[in-house]
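Report on the structure given below.
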Amino acid sequence: KAGVTQTPRYLIKTRGQQVTLSCSPISGHRSVSWYQQTPGQGLQFLFEYFSETQRNKGNFPGRFSGRQFSNSRSEMNVSTLELGDSALYLCASSYGQSGNTIYFGEGSWLTVV
Amino acid sequence: AQSVTQPDIHITVSEGASLELRCNYSYGATPYLFWYVQSPGQGLQLLLKYFSGDTLVQGIKGFEAEFKRSQSSFNLRKPSVHWSDAAEYFCAVGATTDSWGKLQFGAGTQVVVTP
């Protein structure tokens, strides 16, 4: 059974640009969550999608957005990139109910220059 | 509001010695608790989880954790550490179904293993 797949793994963007990251959850999983990991702030929750609907949202500016498709694949977008957006972005998937195991992908490393 | 505290930012342990990583949580109801491990440049790998039942849970790679409700703790242990256990370890708490994908993580504990 394939794990959570994130693409691209590494990318470099210029300040002011936008970026789209993709996440393919484990087959059958309907919940996809996104996290930002930085040395200073640790692991911070961005948002969660369940059956194409945003179910939860963290405390991030509106430049951070996401969506989920009917096949449960998810994308997150960051517009008008800032240097502080440089981070490891992690995607996690589960069946979406209490007690379900939550699995993480390898992450997408974003560097903003 | 729920929160997770990992009091130790950094731990150095000799190979073959025992390891214990501390985790304290604050949560109004029965928590769902996880331990994840992250090797450099990698994602998070689930070591073990506690949802209910037996308070001593076994995980992968020889790790175990004990849930103590009276102390609001979920400490991770390994009897004999291997060099490959050098990594960062995160404790996390999950909420109810409506917020299931929203894990609250501790700050992490960096484990260094010396020969």
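Once you've got the Cα coordinates, tell me which of B:LYS61/B:LYS102; B:LYS68/B:LYS102; A:LYS13/B:LYS78 are over 31 Å apart.
A:LYS13/B:LYS78
Calculate the dipole size of chain B relative to its Cα centre from +1 charges on Lys and Arg beta carbons and -1 charges on Asp and Glu beta carbons; express the result in debye to the nearest 20.
Rounded to the nearest 20 debye, it is 180 debye.
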Two-site label geometry, B:ALA1 and A:ARG67: point separation in nm, points 7 Å out along Cα→Cβ: 3.1
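Percent relative contact order of chain B, based on C-alpha pairs within less than 8 angstrom and at least six residues apart? Each step should come with its number before you reach the end.
Working: 282 pairs, mean separation 42.2, N = 115.
Worked out over chain B, it gives 37 percent.
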Listed residues B:ALA29, B:ALA86, B:ALA95, most fluctuating in chain B (Gaussian network, C-alpha, under 10 Å): B:ALA29
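As a test of the definition: which semi-axes, in Å, follow for chain A when you take the square root of five times each eigenvalue of its alpha carbon gyration tensor? Largest first, please.
Working: eigenvalues 105, 37, 33 Å².
The answer is 23, 14, 13 Å, longest axis first.
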Sequence-distant aspartates and glutamates (8 or more away, or on other chains) whose Cα lies within less than 16 Å of A:LYS57: A:GLU48, A:GLU75, B:ASP98
Volume per residue that the Cα convex hull of the stretch B:63-115 spans, once the total is divided by residue count, Å³: 106
Along each principal axis, Cα extent of chain B, largest first, Å: 44, 29, 23
Dipole-positive endmost among B:THR114, B:VAL57, B:PRO40 within chain B (Cβ charges, Cα centre): B:VAL57
GluC sites (Glu not before Pro) lying in DSSP loop within the stretch A:72-113, provided at most 12 other Cβ fall within 10 Å: A:GLU82
For residues of A:95-101, the mean tally of beta carbons on other chains within 10 Å: 5
Residues A:HIS29, B:HIS10, sorted so that the one with the fewest Cβ neighbours within 10 Å comes first: B:HIS10, A:HIS29
Two-decimal log10 I(q)/I(0) for the stretch A:50-113, as the Debye equation yields it once each C-alpha is a single scatterer, q = 0.25, 0.28 Å⁻¹: -1.30, -1.41
Order of B:LEU21, A:LEU83 under a 10 Å beta carbon neighbour criterion, fewest first: A:LEU83, B:LEU21
Peptide B:55-61 - average C-beta neighbours from other chains (10 Å radius): 0
A:SER79, A:SER24, B:SER14, B:SER70 arranged by Cβ crowding within 10 Å, fewest neighbours leading: B:SER70, B:SER14, A:SER79, A:SER24
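Computed from the coordinates by the stated procedures, all read-outs in this text should not be read as laboratory data. Note that the coordinates shown come from a computational prediction; the quantities given were computed from them, not determined experimentally. Glycine also receives a Cβ, built like all others from the backbone with ideal geometry; neighbour counts cover every protein chain displayed.
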